[in-house]
1. Would you check if there is a residue in segment 24-35 being in a strand (DSSP E or B), open to solvent by 80 Å² or more (accessible area, probe 1.4 Å) and modelled with pLDDT of 85 or more?
2. Look at segment 7-23 and say how many of its residues are touching a Ser or Thr at 6+ places or on another chain (Cβ under 8 Å) and within 12 Å of residue 49 (Cβ to Cβ).
Amino acid sequence: MPKCGSEEIRAVEVQGEEEASTRLLVTPAGLPESYRVRLVRADNCFYLEMLNE
């Protein structure tokens, strides 16, 4: 089961309201050097979405 601080990442489809977005310039190993993310509220939960540009 995923939890805060977990390194597990899985794709899910989410339809919801965008709460915030930003560009990450310091990223974990194995991911692009820079990318955008947004926080989406859906079904009483918050999801962090990595945006493809």
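1. Scanning segment 24-35, I find no residue that is in a strand (DSSP E or B), open to solvent by 80 Å² or more (accessible area, probe 1.4 Å) and modelled with pLDDT of 85 or more, so the answer is no.
2. First, the residues of segment 7-23 that are touching a Ser or Thr at 6+ places or on another chain (Cβ under 8 Å): 23.
So of that shortlist, the ones also within 12 Å of residue 49 (Cβ to Cβ) come out as none.
Qualifying residue count for the region: 0.
Yes/no matrix, rows are residues, columns are (1) open to solvent by 100 Å² or more (accessible area, probe 1.4 Å); (2) modelled with pLDDT of 90 or more; (3) of a type outside the set (Asp, Glu):
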| residue | (1), (2), (3) |
| --- | --- |
| 5 | no, no, yes |
| 14 | no, no, yes |
| 39 | no, yes, yes |
| 48 | yes, no, yes |
| 52 | yes, no, yes |
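The values are calculated or read from the model by the stated rules, or taken from the named source; none is laboratory data. Computed from a prediction, not measured in an experiment: that's the story for all the values here. No Cβ is skipped: glycine too gets one built from the backbone with ideal geometry, and neighbour counts run over all protein chains shown. Areas reflect the complete protein model, heavy atoms only, side chains present, ligands, DNA and RNA absent. Shrake-Rupley method; radii C 1.70, N 1.55, O 1.52, S 1.80 Å.
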